[in-house]
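K.L.:
Please find one structure pasted underneath; my questions will follow.
The values are calculated or read from the model by the stated rules, or taken from the named source; none is laboratory data. Remember, predicted model here, so these are calculated numbers, not experimental data. Here Cβ is always computed from backbone atoms with ideal geometry, including for glycine, and neighbour counts include all displayed protein chains.
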Amino acid sequence: MKSEGRRVKRETAVCVGCASVLVCALVAGSAEGADGKGLYLIVTRRALAAGAETLAAYRRETGYDVAVEALERSSGDAAGPLRVDAIRGCIDRAVASRGGRPAFIVLCGDETEQVDAEADWRMPAVRVPLYRWRLNQRTTFTSDSCWGDLDGDGLPDVPVGRVPARSSEAVRAYVDKLRRYEAQEISADALRTVLWMGIPGYDAKSDALMTPIAMETVRRYLPGVLTCWWLSGDPRWPCWLPRDEQAGRFLAEMQAGSVFNLFCGHGSASKALANISKSMRTAMTADDLRGLPSGRPSGPLVFLACTIGRFEWSKGPCLGEALWAHPGGPVVVVAASTQSHPLTNYYSAIGLARTIGQSGRTIGEWWVAAQRVAYREFSPVVEAMLKDAEGKLEPRIDVAKLRRDQPPMFNILGDPACRLRLPEPLAVDAECRDGRLTVRSSLPEGVRRVAVGVLLRRDRPTLAGDAPMPSTSPTAAARSDRRGRLDRFNALRVAVCDMPASPGTFELDRALPASLAGRSGAKLRLVAVGSTGRTWAGVADLVIEREGATR
């Protein structure tokens, strides 16, 4: 036990030492490629070098200055198993040769629970001490993201991702998936987030409040050009489905198109849990991927839940890895390698909502920015409700230590430089008058098509406390009814037109769709698609009245 403690302290010190080396490069700035995207550093094993070169070639095509470092070169003892501090030598060498800090770091290889394993695909991870609030928790967790903390303040500065492959073929398969995802055209239907909200199961008060709090957070912070598709693990909400349908529907909605996807609930290495009650237990496992088509990769998926990203798990690929590896699954998975706390998960959700579209255009940059915002979030109401929800081992739980552990326990499985499929901003003007809808915009060069729609405001959510609990074995009619309720709950976009267009002044004058009469709080959204895959979008407020409309 003492030797284990010394090893963990040594590995943590390695990251801090690496930070002191990299902070000098931080002052000098990032090393930039021809397109100004920065240094993209791949650390790999020689057994995976051919696959890593495939990833390097693709990122060079997209404008990055790419460096590939073989981990064996930094090993102090060639006869023994690799130590995690070998990664530090690779990073140091890249920084010294390129004259600036990396913009992204990618670790190519898988990990095991045995720190002395000698597999030729093994890419060691740092073991970090965990502040525990329950006795059954492990004392340490695996972390890659701590390598991105350049200044030693405990918060990430550079996105770090892992390609958890054990062969060059697996790396090449992932690069093919990445290419196919980034080549997809951004459509109006895909300008959304797909969100599966679990029920906490702590007590009646928190169960009643968490979904409304989540919906209010999305309403307040999500960019206006995006909509949110909801699925709930709570059967009292209209966006609930029978428990055996939820995972499949969530995966199908992700694959249909989205900017990003989010699961909030409970988890383990093998499953995501949206409801933990015995009668309504609702889970997603790797088995649910069997029915997922392979042709179209899904958007990035963030799990604000426990342990789903435990990539060193000895019993096989964790759920996060299984989703990452499926050709039709998420192109990137962000998940925790240990038990995450519900309070800091809530703050992370706030950070994600507040920074989407504001901090970089890659999944890695967004995640780093979100964690820095989340670290400083504070809600006295939510903190009082959640800080002791899962127990404590001290008279007073140390929230500062919970905050400290949150950023390093979450890891990015996949390429942190994967592009967020967000549109570029577009100025739009719209008005409704006497039953006519008028839209004006100036379309940029390259536009070939526009889609105009009206986004309706969802009423502020309230819990249907008197809603009857559904049967654990619903009839076909009950299932159909629930699917209809879910679809109606999420039907908040009314299409106006989808038509060819060209650069320059755009004007549209149409009769207001009858379904919009009397609706309040609507927004007009215009999406312009370019011939080279670029997409622009903008929104304008609308006031729609029963006796005609005025802006």
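K.L.:
Considering segment 492-510 alone, what residues qualify as being over 18 Å from Ser441 (Cα atoms) and aliphatic (A, V, I, L, M)?
P.N.:
Correct list: Leu492, Val494.
K.L.:
Follow-up. Hey, can you tell me all the residues within segment 127-148 that are over 22 Å from Trp366 (Cα atoms) and either in contact with a Phe, Trp or Tyr (Cβ under 6 Å, 6 or more places away or on another chain) or buried (at least 21 other Cβ atoms within 10 Å of the Cβ) (or both)?
P.N.:
Result: Arg127, Val128, Leu130, Phe141.
K.L.:
Then there is this: Among the listed residues Arg479, Arg460, which satisfies the condition of being over 30 Å from Leu508 (Cβ atoms) and either at pLDDT below 90 or small (Gly, Ala, Ser) (or both)? Before the answer, list the steps.
P.N.:
Working: Arg479 fails: either at pLDDT below 90 or small (Gly, Ala, Ser) (or both).
Going through Arg479, Arg460 in turn, the sole match is Arg460.
K.L.:
Could you check, for segment 508-516, whether at least one of its residues is in contact with a Gly (Cβ under 7 Å, 6 or more places away or on another chain), surrounded by 14 or more Cβ atoms within 10 Å (Cβ to Cβ) and at pLDDT below 90?
P.N.:
Yes: one or more hits.
K.L.:
Here's a follow-up. Before we move on, is Leu178 over 30 Å from Arg281 (Cβ atoms), in contact with a helix residue (DSSP H, G or I) (Cβ under 9 Å, 6 or more places away or on another chain) and touching a residue at least 40 places away in the same chain (Cβ under 8 Å)?
P.N.:
yes
K.L.:
Still on this structure: So is Pro474 modelled with pLDDT under 95, under 30 Å from the mean Cα position of the chain (by Cα) and buried (at least 16 other Cβ atoms within 10 Å of the Cβ) or not?
P.N.:
The answer is no for Pro474.
K.L.:
In segment 300-307, is there at least one residue being assigned to a loop (DSSP other than H, G, I, E, B), crowded, with 23+ Cβ neighbours inside 10 Å and at positive phi?
P.N.:
Checked segment 300-307: at least one residue is assigned to a loop (DSSP other than H, G, I, E, B), crowded, with 23+ Cβ neighbours inside 10 Å and at positive phi.
K.L.:
For the structure I just gave you, tell me whether Val175 is part of a helix (DSSP H, G or I), of a type in the set (A, V, I, L, M, F, W, C) and surrounded by fewer than 24 Cβ atoms within 10 Å (Cβ to Cβ).
P.N.:
Details: part of a helix (DSSP H, G or I): yes; of a type in the set (A, V, I, L, M, F, W, C): yes; surrounded by fewer than 24 Cβ atoms within 10 Å (Cβ to Cβ): yes.
When the stated conditions are applied, Val175 passes them.
K.L.:
Out of Gly109, Gly63, Gly51, Gly89, which single residue is surrounded by fewer than 22 Cβ atoms within 10 Å (Cβ to Cβ), under 29 Å from Arg419 (Cβ atoms) and touching a residue at least 12 places away in the same chain (Cβ under 8 Å)?
P.N.:
Matching residue, one of Gly109, Gly63, Gly51, Gly89: Gly63.
K.L.:
Further question on the same structure: For segment 68-80, check the following and say yes or no: at least one residue is at pLDDT 90 or above and surrounded by 20 or more Cβ atoms within 10 Å (Cβ to Cβ).
P.N.:
Taking every residue of segment 68-80 in turn, at least one turns out to be at pLDDT 90 or above and surrounded by 20 or more Cβ atoms within 10 Å (Cβ to Cβ).
K.L.:
Does Ile363 qualify as being of a type in the set (Val, Ile, Thr), closer than 22 Å to Leu301 by Cβ and not assigned by TED's automatic domain parsing to the domain that holds Gly309?
P.N.:
The answer is no for Ile363.
K.L.:
Listed residues Leu55, Leu150, Leu155; which is modelled with pLDDT under 90 and either more than 28 Å from Arg179 (Cβ to Cβ) or under 26 Å from the mean Cα position of the chain (by Cα) (or both)?
P.N.:
Step by step, each of Leu55, Leu150, Leu155 is checked, and only Leu150 is modelled with pLDDT under 90 and either more than 28 Å from Arg179 (Cβ to Cβ) or under 26 Å from the mean Cα position of the chain (by Cα) (or both).
K.L.:
Taking segment 108-128 as the region of interest, how many residues are of a type in the set (Gly, Ala, Ser) and in contact with a Pro (Cβ under 8 Å, 6 or more places away or on another chain)? Walk me through it before giving the result.
P.N.:
Of the residues in segment 108-128, the ones of a type in the set (Gly, Ala, Ser) are 109, 117, 119, 125.
From what's left, in contact with a Pro (Cβ under 8 Å, 6 or more places away or on another chain): 109, 117.
Final tally of qualifying residues: 2.
K.L.:
Filter segment 236-263 down to residues that are surrounded by fewer than 22 Cβ atoms within 10 Å (Cβ to Cβ) and either closer than 16 Å to Pro200 by Cβ or among the polar types (S, T, N, Q) (or both), then give me how many there are.
P.N.:
Residues flagged as surrounded by fewer than 22 Cβ atoms within 10 Å (Cβ to Cβ) and either closer than 16 Å to Pro200 by Cβ or among the polar types (S, T, N, Q) (or both) within segment 236-263 amount to 2.
K.L.:
Which one of these does Ala353 not meet: (1) at pLDDT below 95; (2) more than 11 Å from the chain's Cα centre (by Cα); (3) part of a helix (DSSP H, G or I)?
P.N.:
The single condition Ala353 does not satisfy is (2).
K.L.:
I'm told Gln255 meets every condition in (1) touching a Pro at 6+ places or on another chain (Cβ under 8 Å); (2) of a type outside the set (Lys, Arg); (3) in a loop (DSSP other than H, G, I, E, B) except one. Can you identify the failing condition by its number?
P.N.:
It is condition (3) that Gln255 fails.
K.L.:
Same structure, new question: Does at least one position in segment 150-164 carry a residue that is over 26 Å from Arg403 (Cβ atoms) and either in contact with a helix residue (DSSP H, G or I) (Cβ under 9 Å, 6 or more places away or on another chain) or part of a loop (DSSP other than H, G, I, E, B) (or both)?
P.N.:
Yes, some residue in segment 150-164 is over 26 Å from Arg403 (Cβ atoms) and either in contact with a helix residue (DSSP H, G or I) (Cβ under 9 Å, 6 or more places away or on another chain) or part of a loop (DSSP other than H, G, I, E, B) (or both).
K.L.:
Suppose we keep only residues that are in a loop (DSSP other than H, G, I, E, B) and of a type in the set (Ser, Thr, Tyr) within segment 123-144. Which one would you say is farthest from Ser268 (Cα to Cα)?
P.N.:
So, considering only residues that are in a loop (DSSP other than H, G, I, E, B) and of a type in the set (Ser, Thr, Tyr), the one farthest from Ser268 (Cα to Cα) is Tyr131.
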